[in-house]
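Data first, discussion second: the structure below is written as structure tokens.
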Amino acid sequence: MTARRWIEHWDPEDEVFWAETGEKVARRNLLFSVLSEHIGFSVWTLWSVLVLFMGPEYGLTPADKFLLTSMVTLVGAVVRVPYTFAVAVFGGRNWTIISASLLLVPTVAAFTVMEPGTSFSTFLWVGLLAGIGGGNFASSMTNINAFFPLRKKGWALGLNAGGGNIGVPVIQLVTLAIIGASGGPRVLLGIYIPLIVVAAVLAALFMDNIASVKNDTGAAVDAAKDAHTWIMSFLYIGTFGSFIGYSFAFGQVLTNQFGRTPLQAAYLTFIGPLLGSLIRPVGGRLADRFGGARITLWNFVAMAAATAVLVVASMEKSLPLFVAVFVVLFVLSGLGNGSTYKMIPGIFQAKALAQGLEGEEAAAYGRRLSGASMGLIGAVGALGGVGINLAFRQSFLSYGSGTGAFVAFLACYGAAFAVTWAVYLRRPARRIPAKAAATEAEPQLSYAEV
């Protein structure tokens, strides 16, 4: 943690600074942030694949497995709040080192207990430890948000999050390869332990802290008081909550409803999370070009349509249609992840201009509140994953299938569409006053353009 790793002056909105210095430094930090977050997601979603291969000898019912993955998702959501504060307390680089190193705890613990005869309560406690991997997303996004100018945040945040999200299909593919080679869960865990060490060391060697971000814990309090933080949290439940919830539940739905073996399910489960992760930067890029609110609105329309088809496929017990449409739903959740996160800095930048702030002062206001709100939004959004797993659990207990859960999800997407339209698109003519614009080159903003 040498002094040279602290950046005292950082102004990415200054195009000269960005071209000469900023872009190179920002991209380097983005690269190693993605690596750490990627492994964090892999550890967080570890139990989504472990439960598939925990056969009758482990003594767990389908309800037990859904409860286990729900609790892992819950911890991952809750810890995102303190992880957001941690960037301001320790610095982005320093916290990346710490948070990456902490991933050794759940991985080593799982390695120790993963065998038949271990009690469900033990598996539950060890699974809860894996939830800390979900916190890496919040601190990573808060940190990277500070490095990039507003005009590039959609792409940068989408790439950062997509690179992290892809940890979900990667661990599913690695598991498939290990099981195919007659390896066991402990082999999988043994692979990730050294990778965690590598991520922490690389963060120490190549990442930076931004001094202006440190010691600003009050930003999270200010963000929590802003209504847009909670509105965007609800929208993020619909996008990221869907992605992480379905990532945990997809394999279990295939085994419990369609009678697939764990290996047969594993051949299918990685496809949706993989495509959903890869498409996330595209969602950010589209939002940069057309406006995050517009992309988010129509994305919810598409998610609702896909869910309606899933209800039919579930009732008809059509596995090909079910898998195909579920993969489409994953892709749409990834696209929406990118567009919703692009909206966040745009909203706070627009508010800054509306308050009469200009130039770097407006940009600093936007970076400060958007960075703080991202952790809170990410935490609440991840709770959607808890809801999805609990909804599937109840649906299987009540109806013996996931159909009831899909009907509930369809209603949620309809509500998210209505909120997006009502808050951010219903009055596109409501613009920030011209006198608040920082320069003539900056167009007047409405929420439709965020």
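Please report the accessible area of Ile178 (heavy atoms, 1.4 Å probe, ligands and nucleic acids excluded) in Å², nearest 10.
For Ile178, the solvent-accessible surface is approximately 20 Å².
Number of Lys-Lys pairs in the chain under 27 Å by Cα, sequence gap 8 or more or different chains?
So the count works out to 24.
Could you work out the longest stretch of the chain that avoids the GluC sites (Glu not before Pro) located in DSSP loops with at most 12 other Cβ atoms within 10 Å?
9-439
Trypsin sites (Lys or Arg not before Pro) within region 303-396: which are DSSP loop residues with at most 13 other Cβ atoms inside 10 Å?
Lys317
Can you give me the C-alpha center-to-center distance between region 343-398 and region 93-122, rounded to a whole angstrom?
Distance between centres, Cα-based: 28 Å.
Hey, what do the phi angles of region 57-70 turn into as Karplus ³J(HN,Hα) couplings, whole Hz, using 6.51/-1.76/1.60 and θ = phi - 60°, x for Gly and Pro?
Rounded to whole hertz, the list is 5, 8, x, 9, 8, x, 5, 4, 5, 5, 5, 4, 5, 5.
Put a dot 7 Å past each Cα toward the Cβ at Leu319 and Thr261; how far apart are the dots in nm?
Here the modelled spin labels are 1.2 nm apart.
Whole-Hz Karplus ³J(HN,Hα) for region 316-329, in order, using 6.51 cos²θ - 1.76 cosθ + 1.60 and θ = phi - 60°, x for Gly and Pro?
Taking θ as phi minus 60°, the curve returns 8, 6, 8, 5, x, 5, 4, 5, 4, 6, 4, 5, 4, 5 Hz for region 316-329.
How tilted is helix 153-165 with respect to the longest principal axis of the chain? Cα atoms for both, answer in degrees (0 to 90, nearest 10).
Around 20 degrees separate the two axes.
May I ask for the angle, rounded to the nearest 10°, between helix 135-147 and the longest principal axis of the chain, with both axes built from Cα atoms and the value confined to 0 to 90°?
In the chain, helix 135-147 runs at an angle near 20 degrees to the longest axis.
Just to make sure I understand: if all protein chains stay in place, what is the order of Leu321, Leu297 by accessible area at 1.4 Å, largest first?
Per-residue accessible area, sorted high to low, gives Leu321, Leu297.
Placing +1 at every Lys and Arg Cβ and -1 at every Asp and Glu Cβ, with all other atoms neutral, what dipole size does region 242-353 have around its Cα centre, in debye to the nearest 20?
So the magnitude is around 280 debye.
Does anyone have the angle between helix 227-236 and the longest principal axis of the chain? Alpha-carbon axes, 0 to 90°, nearest 10?
Relative to the chain, helix 227-236 is tipped by roughly 40 degrees.
Stick to the Cα atoms of the chain, pair each with every other, and give me the Kirkwood hydrodynamic radius in Å at one decimal.
That comes to 21.9 Å for the chain.
Could you tell me which residue out of Asn136, Val309, Trp18 lies farthest along the dipole of the chain toward its positive end? Charges go on the beta carbon: Lys and Arg +1, Asp and Glu -1, centred on the Cα centre.
Val309
Between Ala211 and Glu57, what is the FRET efficiency for a Förster distance of 60 Å, r being their Cβ-Cβ separation, to the nearest 0.05?
Computed FRET efficiency for Ala211 and Glu57: 0.65.
Along the charge dipole of region 317-380, pointing to its positive end and built from +1/-1 on Cβ of Lys, Arg, Asp and Glu, which listed residue (Ala364, Phe322, Ala379) has its Cα farthest out?
Phe322
Give the whole-number value, in cubic angstrom per residue, of the convex hull volume spanned by the C-alpha atoms of region 271-394.
It is 114 Å³ per residue.
Rounded to the nearest 20 Debye, what is the dipole magnitude of the chain about its Cα centre when Lys and Arg each give +1 and Asp and Glu each give -1 at the C-beta?
Result for the chain is approximately 500 debye, rounded to the nearest 20.
Taking R0 as 22 Å, what FRET efficiency do you get between Ala415 and Ala227 from their Cβ-Cβ distance, rounded to the nearest 0.05?
0.85
Give the long-range amide H neighbours of Ile7: residues separated by 5 or more places, or on another chain, with amide H under 5 Å away, using H modelled in the peptide plane at 1.01 Å from N.
Asn209, Ile210, Ala211
At 7 Å along Cα-to-Cβ for each site, give me the label-to-label distance between Thr21 and Phe290 in nm.
With each label placed 7 Å out from Cα toward Cβ, I get 3.8 nm.
How many nm separate the modelled label positions at Ala408 and Gln394, each set 7 Å beyond the Cα in the direction of the Cβ?
Label-label distance for Ala408 and Gln394, simple model: 0.4 nm.
List residues of region 262-277, by number, whose backbone nitrogen lies under 15 Å from a label position 7 Å along Cα→C-beta of Val187.
Taking a point 7 Å out along Cα→Cβ of Val187, the residues of region 262-277 whose backbone N falls under 15 Å are 263.
Express in Å², to the nearest 10, the accessible area of Ile39 obtained by rolling a 1.4 Å probe over the protein heavy atoms while all chains stay in place.
In the full protein context, Ile39 sits at about 10 Å².
The values are calculated or read from the model by the stated rules, or taken from the named source; none is laboratory data. Remember, predicted model here, so these are calculated numbers, not experimental data. Positions of Cβ are generated from backbone atoms using ideal geometry, with glycine treated the same way; all protein chains shown enter the neighbour counts. For the accessible areas, the whole protein counts, side chains as well, though only heavy atoms, and no ligand, DNA or RNA atoms are used. Shrake-Rupley method; radii C 1.70, N 1.55, O 1.52, S 1.80 Å.
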